[in-house]
Amino acid sequence: MQPWSLQDFTDQLRQVGRLHYHDKHPFHRLMNEGKLNREQIKLWVANRFYYQKNIPIKDALLLARCPLRAVRRLWVQRILDHDGTDQDPGGIEKWLRLSEAVDLSRDDLESDRLLLPGVRFAVDAYVNFVASKPWIEGVASSLTELFAPALMTERLAAFEKHYTWIDSAALAYFRSRPPLARRDSDHGLALVLEHCCTYPEQERAVAALRLKCDILCAQLDAMYYHCIADTGTST
Ligand code: AHQ
């Protein structure tokens, strides 16, 4: 089978997001329509933290599997964006500050005491995927961030409009993330287009992105079942 052209390959990757990205998940729809109550928002903040704190672990595992110095020297920034530096507290710290603004303690998040099994299994599957697959498939799985800026912008507007009980300063993560997501997904897309040359390599990259979409949706499935479907309440 002949490989896709660069344009067709890019279209195939973007089609995965159009069909399967978690921006369309019922939990996000309720959230962005302002229909979640405080307990449901708190559960989401606590469970999303497990995803956030595992991102630098995932990125360090990808670095360890990547033999190309030019790739590593750019990819390493992703770890610093989350773990922070002397100049910037980082995404994980911003998420902990969000937890305090929704009346959770930092230890509620760090202890995983509110973590749902389905969220744990989905996030661990992401980390284990990157730990066990060729580095370029790990890069492909991160391309969900091609679709993240629009979702985060919608989310930020929804929080500022509907969830005014949360201090607006605590939404700093959602303000800071979109430009980093664009930078990272531009880099990731360029790497995937450059290093996935054969049709089987291209297919595996598309499959990795589809798997990651399922991983993001599985987390929301668990939250939706636990705090909406199982209780029959959504406001
Ligand atoms: O806040 C998010 C983040 O730091 C990352 C890293 C990236 C990756 O390496 O897989 N994916 C990602 C995402 C973040 N936020 C999610 C959201 O809905 O707020 C979206 C998610 C992604 O699109 O993969």
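The values are calculated or read from the model by the stated rules, or taken from the named source; none is laboratory data. These numbers were taken from a predicted model, which means no experiment stands behind them. In this analysis, Cβ positions are derived from the backbone assuming ideal geometry, glycine residues included, and neighbour counts consider all displayed protein chains. Note: areas computed on protein heavy atoms with side chains; ligands, DNA, RNA excluded. Shrake-Rupley method; radii C 1.70, N 1.55, O 1.52, S 1.80 Å.
Listed by first and then second residue, the pairs with beta-carbon distance under 7 Å, at least 6 apart or on different chains, first residue in the range 141-160 and within 26 Å of Asn128 (Cβ to Cβ), second near the ligand (Cβ under 8 Å from one of its atoms) and among the aliphatic types (A, V, I, L, M), are Thr144/Leu216; Glu145/Ala181; Ala148/Ala181. The numbered conditions (1) in a helix (DSSP H, G or I); (2) β-branched (Val, Ile, Thr); (3) modelled with pLDDT of 95 or more; (4) away from the ligand (no atom under 13 Å from the Cβ) are all true for Val130 except (4). Scanning the range 72-109 for residues that are without any contact (Cβ under 8 Å) to a residue 60 or more places away in the chain and among the aliphatic types (A, V, I, L, M) returns Val76, Ile79, Leu80, Ile92, Leu96.
Per-residue answers, yes or no, for (1) outside any loop (DSSP other than H, G, I, E, B); (2) hydrophobic (A, V, I, L, M, F, W, C); (3) touching an Asp or Glu at 6+ places or on another chain (Cβ under 7 Å):
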residue	(1), (2), (3)
Asp23	yes, no, no
Lys35	no, no, no
Leu43	yes, yes, no
Tyr50	yes, no, yes
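Looking only at residues in the range 160-178 that are among the hydroxyl-bearing types (Ser, Thr, Tyr) and within 12 Å of the ligand (Cβ to nearest atom), the one that is farthest from Lys35 (Cα to Cα) is Ser176.
Scanning the range 1-54 for residues that are within 12 Å of the ligand (Cβ to nearest atom) and of a type in the set (Ser, Thr, Tyr) yields Tyr21, Tyr51.
Selection over the range 94-124 of residues that are open to solvent by 30 Å² or more (accessible area, probe 1.4 Å), under 19 Å from Lys58 (Cα atoms) and assigned to a loop (DSSP other than H, G, I, E, B) gives a count of 1.
Against the test of being of a type outside the set (Ser, Thr, Tyr), under 21 Å from Phe49 (Cβ atoms) and either crowded, with 18+ Cβ neighbours inside 10 Å or more than 10 Å from the ligand (Cβ to nearest atom) (or both), the options Ala148, Ala140, Ala157 yield a single qualifying residue, Ala148. Is one or more of the residues making up the range 153-174 assigned to a helix (DSSP H, G or I) and touching a His at 6+ places or on another chain (Cβ under 8 Å)? Within the range 153-174 (the criterion being assigned to a helix (DSSP H, G or I) and touching a His at 6+ places or on another chain (Cβ under 8 Å)), the answer is yes, since at least one residue qualifies.
Mind checking which residues of the range 33-62 are among the β-branched types (Val, Ile, Thr) and open to solvent by less than 20 Å² (accessible area, probe 1.4 Å)? Those that are among the β-branched types (Val, Ile, Thr) and open to solvent by less than 20 Å² (accessible area, probe 1.4 Å): Ile41, Val45, Ile55.
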